[in-house]
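The values are calculated or read from the model by the stated rules, or taken from the named source; none is laboratory data. Model, not experiment: these values are computed from the prediction. Neighbour counts run over all protein chains shown; Cβ positions are idealised from the backbone, glycine included.
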Amino acid sequence: MTVETKDMVLEKVAIGPVSARVYQGADYAKGPPVVLYFHGGAFRQSGLQECPVARCIAQTGAIVVVPDYNGPLGGVFPHPLEVGFSIFSYLAKKRAGLGDRKSQLFVGGEESGGSVAAGVALKARDHFAEELDGQVLFSPLLDPFMGTASFQMADGIGMRQRWSEGWNHYLSGGVCHPYAAPRLCSRLSGMAPALIVSAKDDPLADEALAYADCLQRSGVMVRSHLLAAGTGWPSIYGGAVDQAPSYEDSICRYFSDFIRDLRVQ
């Protein structure tokens, strides 16, 4: 499906106007899923930039909104979460002209954006549970201790220092709240259903799979997938890879199957 892209400003968000890039399939059906998607960038990226995974999801017929969530208040917790939750709350109430009354609403993100998305999902569970239909986390950066076995691969793709500096920046306000580091949260029951995707050559694989396991043990519906090595998956967050990306078909299938499973339930 051809994907159309437009930049817009979400004018009526509680914290103030937020710029966003919207991806949507040219032939999307009635009641398309709406995904509030947080880009990666080790907690420091701002501005509107191309987001290949968001474009990929839009190919399934979803409307994907990628906000400049670090732009309004900066990238130190809790500001990105406050911006993200304000946008979620606005979309839950008004949809901002995106989708319609039958559209399911999701939060999602990749790498540090996956952490923000998980934090927004936690806060939604605590304050706005009925409005969130699911969370879609692609290699979420969830554990500030960076001590998993798979994380040892971070040096090989040039990401260890970037992630270390990113966590130091994000948590420099001196707070390590569960919304800031969802992997450390001990209360996950009642969370929205989750799709979690990583890859065998992804340094973030272990923390992604561990979070999926914790959600499942808390009674949350989870669909977890581990891509084969060699698909170029770490390129989604700037990791150095030798292969051209070849994950697109798998991501489209995983997302479409997740949406179908939710509708069946």
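Numbers at a glance
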read-out	value
Which listed residue, of V13, V35, V66, is in contact with a Lys or Arg (Cβ under 9 Å, 6 or more places away or on another chain), among the aliphatic types (A, V, I, L, M), touching a residue at least 24 places away in the same chain (Cβ under 8 Å) and buried (at least 20 other Cβ atoms within 10 Å of the Cβ)	V66
Criterion: under 26 Å from M221 (Cα atoms) and at pLDDT below 95 - qualifying residue of F128, F85	F128
Some residue of segment 67-85 being of a type in the set (V, I, T) and more than 20 Å from P140 (Cβ to Cβ)	no
Within segment 214-240, tally of residues that are buried (at least 16 other Cβ atoms within 10 Å of the Cβ), at negative phi and part of a loop (DSSP other than H, G, I, E, B)	4
Top-ranked residue of segment 129-139 - restricted to ones that are acidic (D, E) and over 22 Å from P17 (Cα atoms), ranked as surrounded by the most Cβ atoms within 10 Å (Cβ to Cβ)	D133
Boolean, V220 is among the β-branched types (V, I, T), farther than 20 Å from C51 by Cα and in contact (Cβ under 8 Å) with a residue 24 or more places away in the chain	yes
Residue within segment 191-200 that is part of a helix (DSSP H, G or I) and surrounded by fewer than 21 Cβ atoms within 10 Å (Cβ to Cβ) present	no
Which numbered condition P67 fails, given (1) under 13 Å from G113 (Cα atoms); (2) out of contact with any Leu (no Cβ under 9 Å at 6 or more places or on another chain); (3) not aromatic (F, W, Y)	(2)
Condition check for S246: surrounded by fewer than 21 Cβ atoms within 10 Å (Cβ to Cβ), hydroxyl-bearing (S, T, Y) and without any contact (Cβ under 8 Å) to a residue 12 or more places away in the chain	no
Members of segment 85-128 that are surrounded by 17 or more Cβ atoms within 10 Å (Cβ to Cβ) and acidic (D, E)	E110, E111
Any chance W167 is assigned to a helix (DSSP H, G or I), modelled with pLDDT of 95 or more, within 17 Å of the chain's Cα centre (by Cα) and under 16 Å from I236 (Cα atoms)	no
Subset of segment 1-11 [in a strand (DSSP E or B) and either over 18 Å from F88 (Cβ atoms) or in contact with a Cys (Cβ under 8 Å, 6 or more places away or on another chain) (or both)]	V3, E4, T5, K6, D7
